[in-house]
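Note sheet for the following structure.
The values are calculated or read from the model by the stated rules, or taken from the named source; none is laboratory data. Predicted, not measured: the structure shown is a model, and the values here were computed from it. Positions of Cβ are backbone-derived with ideal geometry, glycine not excepted, and every protein chain shown enters the neighbour counts.
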Amino acid sequence: MTRRAALVSLILVPTLLLSGCVPSWLQGIVGGGTVSTPTGEEVAEDLKPYYTQVLTWTGCGGGAQCATAIAPLDWDNPGEGDDIELALVRHPATSGEAQGSLFINPGGPGASGFDFVRDSVDFAVSAELQREFDIVGWDPRGVGRSSAVTCYTDAADLDQFIFGIPEAEFGTPEWEAEIIQSSIDYATACAENTGPLLGFVDTNSTVRDLDMMRAIVGDAQLNYFGYSYGTDIGARYADQFPEKVGRLVLDGATDPTTTTFEVVLAQSEGFELALRAYLEGCPDLGACPFPGSVDESLALISDLYDQLNENPIEAADGRFFDANVLDIAVATALYDEESWSFLSQMFTELRTGVVETGYLLADFYYGRENGEYIDNSLEAFIAINCLDYPVETDRAVIAEQNAQIRAVAPTTAGEGSPLGDVLCANWPYQFEGELGPVSGAGAAPILVIGTTGDPATPYQWAEALAEQLESGVLLTWVGEGHIAYDEGDPCINDLVDAYFITGAVPADGLVCDN
């Protein structure tokens, strides 16, 4: 099995467990209930039932309050089809006098904003922001507790889809047939178990949901903090509703103009550079499994990929740890510099055929615990991306793209699949429209944050997004890892907090050097 079975990007939620943030799971029930007062703003007649609905917030543990909103399945035809549910959670402002709401999206696509805010609000935002704002999270359409994408209902089937190794030899017609059939089977299960919702989990629909939620919580303008893929939601919101923009921070920015290939190319290079950075810092971590130079160590890691391609290691649960699983494990640990020690532990274990830490990392990525999947983040990730990006099917173009990826990521990229993004190519719903820049013309200043050593959302994407947005203000953090806020740099945190609380806009191009 090749290292890359398909061109699937690795845009992820910031790692909580691996950065040492332990969620404070449900801590009892908070009684009582309050209601929100919608803004009452003018909207089209067929949108009024949605924009004027009243949310009832009830206690749901840990000081949080939860509510459910209703949105149309199809925003272009509201009221003509089924409605969907959106699960919201908020932590009321600790001051008791909120400036308004601050909506949070942690990324993905497919990550639960509900869980992020309910269980990890102290990681999501500072105590200062919690004092001034009602902190609101939600599961976007297709995700988690909202009307959700459902594919395989048996964990064993999902295990086979993710971790199964084709029986045929890589690159043969039999191998291609096996891969294509696996993709068709998965897509068919998603369509059968999800229904019409599967065709309406695109990001543009989520943007419409967000504007509705802004109105029904009673905010005339949107205050929003988006991480990683969440920056895409925020940027598109500014483009569609510039007059409704309050204060937007987009940290770990994506570039709306990039294709799937361009995403994978940039991320492949980013993770290769992050792996090099890990190896440079490895001796300082203690118990470094690589005593040689960085280049010598990269060669050893490349050999390990090749060995696992040929001879995967069987785990106690019957799964096989191959080069694909190693790839996910490495990428997961590279999201945060504080997680680099997991890499050292994994590489040390693999020398003796132990895959415990490797599967700890891979299972964290896939939301798998004790043999079960605790969320639908993978299903939502695939479904949203297949609607948000066009698919390349020309074999000659795919071969050239694979060559470019190998050139920028010689250690981890592998040969690449000749089928490209075979899953989205066989998806029942396809991307419609065109990729293009956003402008947010007329919007208030928008703060775009990029990290110079970010492997998942490379720094050049933040530069591009800040340039596209007419009111974009670029803030740079010189550091390693994905996402700048709450990474221990008071420069970033203080500027973001002041922007949200007082409206103070940093100078465009300001650099925070860790």
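If I ask for residues that are among the basic types (Lys, Arg) and crowded, with 21+ Cβ neighbours inside 10 Å, which ones from segment 122-142 would you list?
Residue satisfying the conditions is Arg141 alone.
Just name the residue that is nearest to Cys190 (Cα to Cα) out of those in segment 143-160 that are buried (at least 17 other Cβ atoms within 10 Å of the Cβ) and in contact with a Phe, Trp or Tyr (Cβ under 8 Å, 6 or more places away or on another chain).
For segment 143-160, the residue satisfying everything is Cys151.
I'd like to verify a number: residues in segment 480-505 that are out of contact with any Cys (no Cβ under 6 Å at 6 or more places or on another chain) and either surrounded by 19 or more Cβ atoms within 10 Å (Cβ to Cβ) or of a type in the set (A, V, I, L, M) (or both), how many?
18
Can you pull out every residue in segment 319-344 that is closer than 20 Å to His482 by Cβ and more than 22 Å from the chain's Cα centre (by Cα)?
Ser341, Ser344
Which numbered condition in (1) within 30 Å of Pro312 (Cβ to Cβ); (2) buried (at least 19 other Cβ atoms within 10 Å of the Cβ) is the only one that Phe103 fails?
The failed condition is (1).
Being in a helix (DSSP H, G or I) and touching a Ser or Thr at 6+ places or on another chain (Cβ under 6 Å) is the filter here; which residues of segment 240-266 pass it?
Selection gives Val263, Val264.
Residues to consider are Thr476, Thr457, Thr452; find the one that is of a type in the set (Val, Ile, Thr) and crowded, with 23+ Cβ neighbours inside 10 Å.
Thr457
Of all residues in segment 284-322, which are touching a residue at least 60 places away in the same chain (Cβ under 8 Å), among the hydrophobic types (A, V, I, L, M, F, W, C) and within 19 Å of Trp340 (Cβ to Cβ)?
Within segment 284-322, Ala287, Leu298, Ile301 meet the criteria.
Report yes if some residue within segment 268-282 is more than 29 Å from Thr393 (Cβ to Cβ), part of a helix (DSSP H, G or I), touching a helix residue (DSSP H, G or I) at 6+ places or on another chain (Cβ under 6 Å) and at pLDDT below 95; otherwise report no.
No; the residues of segment 268-282 include none that is more than 29 Å from Thr393 (Cβ to Cβ), part of a helix (DSSP H, G or I), touching a helix residue (DSSP H, G or I) at 6+ places or on another chain (Cβ under 6 Å) and at pLDDT below 95.
Does Ala380 count as over 19 Å from Pro106 (Cβ atoms), in a helix (DSSP H, G or I) and either polar (S, T, N, Q) or at pLDDT 95 or above (or both)?
Here the answer is no, as Ala380 does not meet what is asked.
Any chance segment 366-374 includes a residue that's on the phi > 0 side of the Ramachandran plot and under 22 Å from the mean Cα position of the chain (by Cα)?
Checking segment 366-374: at least one residue is on the phi > 0 side of the Ramachandran plot and under 22 Å from the mean Cα position of the chain (by Cα).
Quick one: what pairs do we get from segment 195-215, first residue over 25 Å from Val35 (Cα atoms) and of a type outside the set (A, V, I, L, M, F, W, C), second surrounded by fewer than 23 Cβ atoms within 10 Å (Cβ to Cβ) and modelled with pLDDT under 95, C-beta under 9 Å, 6+ apart or different chains?
Gly195/Asp82; Pro196/Gly81; Pro196/Asp82; Asp202/Glu432; Asn204/Gly433
Give the residue, chosen from Gly63, Gly110, Gly59, that is surrounded by 15 or more Cβ atoms within 10 Å (Cβ to Cβ) and in contact with a His (Cβ under 7 Å, 6 or more places away or on another chain).
Gly63
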